[in-house]
Amino acid sequence: MLKSILRSILVPVMDICVNILAYTKPKFHRQKSIVILRTDAIGDYLLFRAFLREARAAYPTYHITLIGNSAWRSLYEYFDSAYCDECVWISTADFQARHIFYKIKVLRHIKQVGYELLINPQHSRDKLNAPFAQHINALSKIAPQGDDVNLSPRKKARHDRIYSTLTPSSPEILFEFYRNKEFFEQLLQKPLNTSPKLHLLSPTPPHYKQPYSILFVGASAKYRRWSVKHFAEVGEHLMRVYKHNLLVCGGNADIESGFYLEQLLQAKVKDYKQSIYNLTGKTTLAELVSLVYNGNLLVSNETSTVHLAALLDTTIIIVVSNGNHLGRFIPYPKEIRDKYYPVFHPYITANYARYKELSNAFAYKSTLNINDIQPKQVIDVIDQIYTQRSDNE
């Protein structure tokens, strides 16, 4: 209680101090210039990135600056660096951790240039995104009307006053790529035929024995992580029935889970000839692109790796989901990705005929227990996929 009261007093005071100390006048105003602000996560970037190309095509003579989350910097540099003239990378983790000197440094840096136009495409703006939009010096600022899922209605109304233009947002739940398309069509005042696909100009040959499946154990929140024991059962089935080698993948936070999964698998498959490679915490995003591109199957929690695989359009994807972000990030529309198989919580599966109602309920968060999804559900989907493929050959 006391902690909460102190926080409610200290946080606004700290924010005022940061704003005062970060104050600086622009050193220069850049003519014919646009700044695009995108501070959210890797999956959000992957479903937005194709519109950088549209912005560049619409403003060929403008200087375009991208202010982005350093978490997806390597993806931008790998796929999209041709579309912007300059980038400012922000460690959003450090910024949100209230490292006051880092905050001041970043905000002073972004205030030094005056732009003609700020474009902020983020539909669900949050307390991280708002300070950047506020501190950027631009003659005009535009964003979608968006929603108030990450901000209280009062705070959102206050932050909306930052913008000179808010484009209308349709009230229904849209897949996030189409939400971005809606905004950019209004911004550019024309229909767009944009494809979200990722294209590798020079694919790296596989470094691991094929065929292989990837088991991706990580996710951004605990309630989105399927049990390691469940992954082990699926992995054993892939090795025993389909003779797949296995790559266990995840981020630095998943090293312990990856090691545990490796141990469980080794105990189950002692006499198998296939190999298990534990790569948790050992791959960069660019390396993960190559692994996914060359893989045969991905079994993953609903995370950025799924979006990466879906947009590369090579690997078969099995995504295990409790329904979190239903309709916004999962499932992929068939016209974007057909080799994509979501395995949902039994409640969602049983009530899928009420999809619109479910997507409204779970579009922003689901509290269903992901571990109610049993390994057999995933194994049955895998068997069905490979049975259909063998029938078609």
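The values are calculated or read from the model by the stated rules, or taken from the named source; none is laboratory data. Just so you know, these numbers come straight off a predicted model, no measurement behind them. Every residue, glycine among them, receives a Cβ derived from its backbone with ideal geometry; neighbour counts consider all protein chains shown.
Can you list the helices (runs of 4 or more DSSP H) found entirely within the stretch 10-89 that contain at least 3 residues being of a type outside the set (Ser, Thr, Tyr), modelled with pLDDT of 95 or more and surrounded by fewer than 17 Cβ atoms within 10 Å (Cβ to Cβ)? Don't jump to the end; show me each part of the working.
Values: elements: 42-46, 50-58, 73-79.
The qualifying helices (runs of 4 or more DSSP H) are 50-58.
Please work out which residue is nearest to Phe231 (Cα to Cα), limiting yourself to the stretch 194-218 and to residues that are outside any loop (DSSP other than H, G, I, E, B) and aromatic (Phe, Trp, Tyr). Show your work before the answer.
Quick first cut of the stretch 194-218, residues outside any loop (DSSP other than H, G, I, E, B) only: 212-216.
The next check asks that each one be aromatic (Phe, Trp, Tyr); those that pass are 212, 216.
On the way: Tyr212: 15, Phe216: 9 Å.
The extreme case among them is Phe216.
Just wondering, is there one or more residues in the stretch 350-358 that are over 27 Å from Gly146 (Cα atoms), touching a Leu at 6+ places or on another chain (Cβ under 7 Å) and hydrophobic (A, V, I, L, M, F, W, C)?
The first filter runs over the stretch 350-358 and keeps only residues over 27 Å from Gly146 (Cα atoms), leaving 350-351, 353.
Applying the additional criterion that residues be touching a Leu at 6+ places or on another chain (Cβ under 7 Å) yields 351.
Filter once more, so that each one left must be hydrophobic (A, V, I, L, M, F, W, C): none.
No.
Contact list please: Cβ distance under 9 Å, first residue in the stretch 273-287 and farther than 12 Å from Thr305 by Cα, second residue acidic (Asp, Glu) and surrounded by 19 or more Cβ atoms within 10 Å (Cβ to Cβ), pairs at least six apart or on different chains.
Ile276/Glu262; Tyr277/Glu262; Asn278/Glu262; Thr280/Asp254; Thr280/Glu262; Gly281/Asp254
Considering only residues that are without any contact (Cβ under 8 Å) to a residue 24 or more places away in the chain and not in a helix (DSSP H, G or I), look in the stretch 173-193 and name the one that is nearest to Lys334 (Cα to Cα).
Asn193
Residue by residue, here is whether (1) free of Cβ contacts under 8 Å to residues at least 40 places away in the same chain; (2) exposed (fewer than 15 other Cβ atoms within 10 Å of the Cβ); (3) within 27 Å of Arg30 (Cα to Cα); (4) not assigned by TED's automatic domain parsing to the domain that holds Ser170 holds:
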residue: Ala97; (1), (2), (3), (4): yes, yes, no, no
residue: His109; (1), (2), (3), (4): yes, no, yes, no
residue: Arg125; (1), (2), (3), (4): yes, no, yes, no
residue: Leu128; (1), (2), (3), (4): no, no, yes, no
residue: Asn137; (1), (2), (3), (4): no, no, yes, no
residue: Leu151; (1), (2), (3), (4): yes, no, no, no
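When you scan the stretch 247-348 for strands (runs of 3 or more DSSP E) that lie fully inside it, which ones turn up with 1 or more residues that are of a type outside the set (A, V, I, L, M), within 21 Å of Thr204 (Cβ to Cβ) and not assigned by TED's automatic domain parsing to the domain that holds Asn180?
The qualifying strands (runs of 3 or more DSSP E) are 276-278, 297-301.
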